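Read the structure below first, then the notes.
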Amino acid sequence: MDTLPAFRFVTGSLHVDYLKPTPLAGELELRGRVKEIKGRKVVVETTVLAGGGVRGGMTYGKSDRHAAFPAADPVSPTDLIATVYHLLGVPDGQSLPDVGGRPHFVRPGRVIRDLMA
């Protein structure tokens, strides 16, 4: 006769003390997924998501009446890259050399400051 329960329950806790204000805005979301169960050992993969300093639920810019071209505040893909890297803490002017030793800027566009929380 098996004495183990039919269901397994995993409990855990997360306590975070910040030493200074962080760039995180809004709530933290913690997601967990069971990866492996071996006897009493349970391995859980967790992911933490946060706002990252960007205001949610806003519309940025304006398109023309046909929605074909920007009418106000155009944004390029390099601007989006620069904004994401800025939020990740990559300094402006950071470059990486290519195979030939030529520098390529990590943040080639402009940071979209109006998106910041």
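Pairs linking a residue in segment 73-89 that is farther than 16 Å from Met116 by Cβ to a residue that is at pLDDT 85 or above and loosely packed, with under 14 Cβ neighbours inside 10 Å, with Cβ atoms under 9 Å and 6 or more positions apart or on different chains, are Pro74/Gly61. Filtering Val111, Val44, Val90, Val106 for residues that are β-branched (Val, Ile, Thr) and closer than 30 Å to Arg33 by Cα leaves a single hit, Val44.
Within segment 58-72, if we keep just the residues that are at negative phi, free of Cβ contacts under 8 Å to residues at least 40 places away in the same chain and in a loop (DSSP other than H, G, I, E, B), the residue that is surrounded by the most Cβ atoms within 10 Å (Cβ to Cβ) turns out to be Asp64.
Counting only residues that are assigned to a loop (DSSP other than H, G, I, E, B) and under 20 Å from Gly56 (Cβ atoms), which one in segment 77-117 is modelled with the lowest pLDDT?
Ala117
The criterion of being touching a residue at least 40 places away in the same chain (Cβ under 8 Å) and either surrounded by 10 or more Cβ atoms within 10 Å (Cβ to Cβ) or touching a strand residue (DSSP E or B) at 6+ places or on another chain (Cβ under 8 Å) (or both) holds for Leu115. Kindly evaluate Lys20 against the criterion of being modelled with pLDDT of 75 or more and charged (D, E, K, R). No; evaluated as a whole, the condition is false for this residue.
Per this entry, Arg55 is counted among residues that are touching a helix residue (DSSP H, G or I) at 6+ places or on another chain (Cβ under 9 Å) and either in contact (Cβ under 8 Å) with a residue 60 or more places away in the chain or farther than 18 Å from Leu115 by Cα (or both).
Of all the listed residues (Gly26, Gly52, Gly32), the sole one being at pLDDT 65 or above, of a type outside the set (S, T, N, Q), under 21 Å from the mean Cα position of the chain (by Cα) and under 17 Å from Leu87 (Cβ atoms) is Gly52.
The residue that is nearest to the chain's Cα centre (by Cα), counting only those in segment 73-94 that are under 8 Å from Gly109 (Cβ atoms) and surrounded by fewer than 15 Cβ atoms within 10 Å (Cβ to Cβ), is Leu80.
The values are calculated or read from the model by the stated rules, or taken from the named source; none is laboratory data. These numbers were taken from a predicted model, which means no experiment stands behind them. Methodologically, a virtual Cβ is constructed for each residue, glycine included, from the backbone with ideal geometry; neighbour enumeration extends over all protein chains shown.
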